[in-house]
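To start, the structure under review is shown below, and the notes come after it.
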Amino acid sequence: MRIWSALLIVAALASPAYGQQKGAPSPPPGGPPKTPQEIEADKAADRAYQKSLKNIPDQPPADPWGGARGTDAPKTAAKAKSGTKAPVN
């Protein structure tokens, strides 16, 4: 009984590894070569993309905390006089 249990456990652990075996051959990387019309269409699309990028206006640098802080200069806190102490009741 122990032998059958051990064989069952080994078979269960080996089945995922068996599924990773190479089955059918994979196609060559890169796919089929492009035709001259496809190459020209790719170049035209790239030129149109580059032209559209030039039409985007330059944006000023973003300031995400611009609305959170005030527009005035920081105010200095009034310093308390060090010689006087508050009365103790």
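What follows is calculated from the coordinates using simple rules that are stated; it is not laboratory data. None of these values were measured; they are calculated from a predicted model. Cβ: placed from backbone, ideal geometry, glycine included. Neighbour counts: every protein chain shown.
Brief remarks on what is shown
- Sum of side-chain charges, Pro36 neighbourhood, beta-carbon under 13 Å (Lys, Arg +1; Asp, Glu -1): -1
- Model label points for Ala12 and Gln37, set 7 angstrom from Cα along the Cα-to-Cβ axis, are 5.8 nm apart.
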